[in-house]
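Enquirer: Before we start, here is the structure in question, set down as structure tokens.
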Amino acid sequence: MTFEVIDGIRFHRQELGAKAPIDAVPVVMLHGLLTGSLASWYLTCAPTLARARRVVLYDQRGHGQTDVTPNGYGSHEQAADLDALTTDLAPFALVGHSFGALVAARFAVARPERVRALALVEPPLGSRLPTPADRGGVTDVDEWLTAAGADPASLPRRQRDRIRKLLTTTALRAELAVEPPFTDDDIARLPRPVVVVFGNRSPLARVAASVRTALPDARVAVLDGGHALQVDARDELAGLLTEFLASVDAAPVAYG
């Protein structure tokens with residue numbers, strides 16, 4: 001394992017694609033909230049992408065092998081983590097899933113000069129983030145996960161214990177409750193090129209229409225699957241991302 005300490009927080013970071021062409025655009029991949037970790041990509045699409053480029057993955061705060069912090073779970077704070085953890089990279093492509101896609105979008109709007117391309121998979125854009133935090137007093141892990149569309153029975157006990165710790169000992173629930181929406185105006189400010197991907201069986205599939213309206217020049221794809229597209233449609237998603245990133249490699253770099 002590789003660890004990097006930023007502001008006293010120990011982050012778990014991994015890289016793939018050490019033998020990739022040096023001129024290929026590197027990619028950073030962000031996982032989703034609670035049930036996610038860098039393994040969400042490491043065990044699905046990342047190895048395919050790493051055949052052609054350097055791939056950087058890390059556990060976001062409170063997830064996987066990264067430290068559980070008292071606070072800092074909002075998308076703006078986690079975008080700042082992303083900035084600090086990628087100072088060694090030239091402008092890179094950014095792939096995010098679920099809440100990780102929201103973090104990626106926040107970062108891309110704030111630091112467009114650092115982002116060569118953007119791929120958002122199942123992003124909660126265009127409206128207030130749906131969360132069981134609104135129901136108040138919810139500490140039961142099963143209730144949270146079921147509301148988020150996950151199957152609690154499929155999770156190892158160690159992961160359930162980590163999620164319980166996040167829900168009961170940190171500010172995560174309170175911070176999600178006040179997470180500002182990523183509006184249509186925000187969507188229109190996303191740097192290009194951008195591809196946005198949804199599952200046809202996901203509750204977020206409805207967001208596709210607003211993304212198409214706000215980003216008429218972006219590619220919006222709908223694959224057969226639910227919210228966990230990297231699992232439900234692994235090969236199709238990996239192929240789409242491979243094609244998208246190859247087009248970024250071939251495109252001239254815009255300056256200014």
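Enquirer: Order 188-197, 49-58 from most to least packed using the mean count of other Cβ atoms within 10 Å.
Expert: Going from most to least packed, we get 49-58, 188-197.
Enquirer: On to the next question. Within 10 Å, count the other beta carbons around each residue, average over each peptide in 114-125, 2-13, and list them highest first.
Expert: Most protected by this proxy first, the peptides run 114-125, 2-13.
Enquirer: Then there's this: Suppose we keep just the DSSP beta bridges with both residues in region 1-142; what percent of those would be antiparallel, to 5?
Expert: 40 percent
Enquirer: Based on alpha-carbon centroids, what's the gap between region 99-127 and region 19-39 in Å, whole number please?
Expert: Measuring centre to centre over Cα atoms gives 14 Å.
Enquirer: Helix-only mean residue ellipticity at 222 nm, the chain, DSSP H runs n ≥ 4 weighted -39,500 (n - 2.57), per residue, nearest 500. What is it?
Expert: Result for the chain: -9500 deg cm²/dmol, rounded to the nearest 500.
Enquirer: Based on the Cα atoms of the chain, what semi-axes does the equivalent ellipsoid have, where each is the square root of 5 times one gyration tensor eigenvalue, given in whole Å with the largest first?
Expert: Equivalent ellipsoid semi-axes, largest first: 27, 21, 18 Å.
Just so you know, all these numbers are worked out from the coordinates, no wet-lab data involved. It should be emphasised that the depicted structure is a prediction, and the values quoted were computed from it without experimental measurement. Positions of Cβ are backbone-derived with ideal geometry, glycine not excepted, and every protein chain shown enters the neighbour counts.
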